[in-house]
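J.: Below is one structure. I have some questions about it.
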Amino acid sequence: MRYRKLHRDELLAAEVFNYSYANYSDHEGNLRFDRYMPDDVKVLQQATEEKWPISKLAEKLEIEEEQAIEMLKSLHEARKIIDAANPSESFRESVRQRLAYLLKGKVEDDAEIDNIVIQMCYCAADLGCLLEWENSRLCDYSEWLRRTPDCDYSGVDLPNLPNYREEEG
């Protein structure tokens, strides 16, 4: 499958609003994805560059100040991913951020999170080898990689993931 290449503001919007790039790309023609979210990112960037007070940003985005603060944090984190030196470093930063979020309150040691990231990157490198050996691309497996345990994929010719929570009970 081919995915439309996202421009920088769309990549930032995908990160800020927590969409995968493939999912974001799939929404071409949707005003929310084509215009509103990238426009919000532009406003966030302008607010950052011009050092707007939070009240001005919240007013411009028509949201509460607490939400504006969170969106600025999201933009800061998104920039680390989008502006990484290369796709590998972008992946590494993305995984690190997601793990830190998911493990907050459980794992506070950055070194431990970094060790998990390193192991995940080894898995990604191995996946790269498997894909090369079968002349495939990672995007060929985008739908496979985005599966979740609580969704039935039988109608789209994908295997369902096991629900580990049900198996434990």
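J.: Restricted to the stretch 1-45, and to residues that are assigned to a helix (DSSP H, G or I) and of a type in the set (Phe, Trp, Tyr), which residue is nearest to residue 145 (Cα to Cα)?
T.: 21
J.: Taking residue 144 as meeting all but one of (1) modelled with pLDDT under 95; (2) loosely packed, with under 13 Cβ neighbours inside 10 Å; (3) over 21 Å from residue 23 (Cβ atoms); (4) under 19 Å from the mean Cα position of the chain (by Cα), write down the number of the exception.
T.: Going through the list (1) modelled with pLDDT under 95; (2) loosely packed, with under 13 Cβ neighbours inside 10 Å; (3) over 21 Å from residue 23 (Cβ atoms); (4) under 19 Å from the mean Cα position of the chain (by Cα), residue 144 breaks only (3).
J.: Given the condition buried (at least 18 other Cβ atoms within 10 Å of the Cβ), within 18 Å of the chain's Cα centre (by Cα) and among the polar types (S, T, N, Q), answer yes or no: does some residue in the stretch 20-28 qualify?
T.: The answer is yes, given that some residue of the stretch 20-28 is buried (at least 18 other Cβ atoms within 10 Å of the Cβ), within 18 Å of the chain's Cα centre (by Cα) and among the polar types (S, T, N, Q).
J.: Need at least 1 residues that are under 21 Å from the mean Cα position of the chain (by Cα), of a type in the set (Ser, Thr, Tyr) and loosely packed, with under 15 Cβ neighbours inside 10 Å per element, so show me which helices (runs of 4 or more DSSP H) inside the stretch 48-136 make the cut, counting only ones lying wholly within it.
T.: Passing ranges, in order: 87-102, 110-133.
The values are calculated or read from the model by the stated rules, or taken from the named source; none is laboratory data. Keep in mind that what you see is a predicted model, and the values were worked out from it rather than measured. FYI the Cβ positions are ideal-geometry reconstructions off the backbone, even for glycines, and counts take in every protein chain you see.
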